[in-house]
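The values are calculated or read from the model by the stated rules, or taken from the named source; none is laboratory data. Please read all numbers here as calculations on a predicted model, not as lab measurements. Glycine gets a Cβ as well: all are built from the backbone with ideal geometry, and neighbour counts include every protein chain shown. Heads up: the accessible areas ignore ligands, DNA and RNA and are worked out on the full protein's heavy atoms, side chains in. Shrake-Rupley method; radii C 1.70, N 1.55, O 1.52, S 1.80 Å.
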2 protein chains.
Amino acid sequence: MKKLNMGPETLLFPMPACLIGANVEGKANFMTAAWCGIANSNPPMLTVGIQHHRYTYKGIQQNGNFSVNVPSEDLVKETDYCGIVSGSNDDKTETCKFTVFYGKLKTAPLIEECPINLECKVMHVLNLGSHALVVGLIEETHVSAECMVDGEPDASRVKPIIYGRGAQKTYFKLGEPLAPAFKIGKELKKKE
Amino acid sequence: MKKLNMGPETLLFPMPACLIGANVEGKANFMTAAWCGIANSNPPMLTVGIQHHRYTYKGIQQNGNFSVNVPSEDLVKETDYCGIVSGSNDDKTETCKFTVFYGKLKTAPLIEECPINLECKVMHVLNLGSHALVVGLIEETHVSAECMVDGEPDASRVKPIIYGRGAQKTYFKLGEPLAPAFKIGKELKKKE
């Protein structure tokens, strides 16, 4: 199999397309982030990489908290918009017609239209260079009722947006179920 | 829209299904991780959350480096297997019939059959509780030639595995292209 070397590149597939929320000077603002991932289970934590100059980052510093909102397919236009326009120039909440609500942390703005909302408290910030890596403690999780199946959110109902880096820089839909996790691999185990 | 509170939960959609590689006592070992994400662009860095007791983690500590391999759909059985069996009990490379190669870092094992391979040097380790958050500097990127389109890897050819937490714990395929990134949002901009 022929391999090409590309040098150091941020090439991970898939990446999420999330909306990071923070109150900046008391007003809700949201930015798009693909550089977001789960970090720890007990207690639940996640990371998000944010450029230092971002307007949303200012809000994260002001409040010591932020939100991660998982948009669904039907919000792809709004999700992209929040990645190309700065909150310093536009009230993105208004432009995107987001319904904002607040939960346990009181100052981390949540988007009602997004099926999943995580409220996070800043635990660590690592200055990595171009980006600050913010480690957030997940304090509360809100899930839209219609996405629940057997007491758990169902990925096929959440319909998350997947960011695919590459020549085209394209958002993708979640595809068909491929195989059951923690199960299909056992077939290989039996063979041995 | 009715929202349910689930308490603090690691609910992010989508999550990748990656194979983290490290040499343990000189022998290649791989574990599956969904808790992996990009952290920084300049220089390129990523994070992976790993339980302290993991066999692969031992190798990361021994060498100060590791790999992140992005498997494609056809490796779903092997990917799942590497998440349910420990390298302390099995030579997963042999069971999965992986062709291992080494690159720039010499001791970070890479899987030829995976379309994307990232070689990473450990930069930071944060002990977050259940998991160590390993921040890796991406030193080299290898891409299978057949996944390249216009000099960039193409998500539709990589065919990454998407892990969907939820009632079913299912791996999903990447779906159809939804919209062009850094473009579709401009429609909203013009309307204002």
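Points to keep in mind about this one:
- Under-5 Å amide H pairs with B:His131, H placed in peptide plane, nonlocal only: A:Ser41, A:Asn42
- In the context of the full set of protein chains, residues of the stretch B:122-165 present 32 Å² of accessible surface per residue (probe radius 1.4 Å, heavy atoms only).
- J(HN,Hα) series, the stretch A:148-154, from Karplus relation 6.51 cos²θ - 1.76 cosθ + 1.60, nearest Hz, glycine and proline x: 8, 9, 6, x, 10, x, 9
- Nm distances between copies for A:Leu4, ranked from closest, using label points 7 Å along Cα→Cβ: 4.6
- For the axis carrying chain A to chain B: nearest C-beta residue of A, whole Å: A:Gly37, 1
- Cross-link pairs beyond the 29 Å C-alpha cut-off, checked among A:Lys106/A:Lys169; A:Lys106/B:Lys58; A:Lys2/B:Lys159; B:Lys27/B:Lys121: A:Lys106/A:Lys169; A:Lys106/B:Lys58
- For the stretch B:40-49, Karplus couplings with θ = phi - 60° (6.51, -1.76, 1.60), whole Hz, Gly/Pro x: 7, 9, 10, x, x, 9, 9, 10, 9, x
- Across the identical copies, the label point of B:Asp91 (7 Å from Cα in the Cβ direction) is separated from its matches by 6.7 nm, in order from shortest.
- Mean Cβ neighbour count within 10 Å, used as a protection proxy, ranking B:21-30, A:67-76, B:139-148 highest first: A:67-76, B:21-30, B:139-148
- At R0 = 22 Å, FRET efficiency that the Cβ-Cβ distance of B:Val149 and B:Asp74 yields, to 0.05: 0.70
- Spin-label pair A:Lys186/A:Ser88, simplified geometry with 7 Å Cα→Cβ offset, distance in nm: 5.5 nm
- Coupling constants for the stretch A:22-33 follow from the phi torsions by the Karplus curve (6.51 cos²θ - 1.76 cosθ + 1.60, θ = phi - 60°), and in residue order they are 7, 7, 10, 6, x, 10, 5, 9, 9, 10, 7, 9 Hz; glycine and proline get x.
- When the solvent-accessible area of the stretch A:1-65 is split by element, carbon and sulfur atoms take up 47 percent of it, the probe being 1.4 Å.
- For the stretch A:49-72, a drop of 40 Å² or more in accessible area on going from the chain alone to the assembled protein chains (1.4 Å probe) is found at no residue.
- Annotation: aspartates and glutamates with alpha-carbon distance below 15 angstrom to A:Lys3 (same-chain offsets under eight excluded): B:Glu112, B:Glu113, B:Glu119, B:Glu140, B:Glu146, B:Glu152, B:Asp154.
- Amide hydrogen neighbours beyond the local backbone of B:Met123, cut-off 5 Å, H modeled: B:Val135, B:Gly136, B:Leu137
- Centre separation in Å (Cα based) which lies between the stretch B:131-181 and the stretch B:1-48: 12 Å
- Local electrostatic count, A:Glu140, Cβ distance below 14 Å [Lys/Arg +1, Asp/Glu -1]: +1
- Shielding value for A:139-145 is 5, the average number of Cβ atoms from other chains within 10 Å of each residue's Cβ.
- The stretch B:1-124: relative contact order as a whole-number percent, Cα under 8 Å and 6+ apart: 28 percent
- Take every pair of alpha-carbon atoms less than 8 Å apart whose residues are at least six positions apart; their mean separation over the length of the stretch A:133-182 yields a relative contact order of 20 percent.
- Label geometry 7 Å along the beta-carbon vector: A:Ala145 inter-copy distances in nm: 5.7
- B:Trp35 long-range amide H proximity, modeled H, under 5 Å: B:Gly49
- Remark: C-alpha extents of the stretch A:59-192 on the principal axes read 58, 37, 31 Å, sorted largest to smallest.
- The stretch B:77-130: relative contact order as a whole-number percent, Cα under 8 Å and 6+ apart: 20 percent
- Rounded to the nearest 100, the interface formed by chains B and A buries 9600 square angstrom of accessible surface, both chains summed, with a 1.4 Å probe.
- Helix-derived mean residue ellipticity, 222 nm - over chain A, DSSP H n ≥ 4, -39500 (n - 2.57), to 500: -4000 deg cm²/dmol
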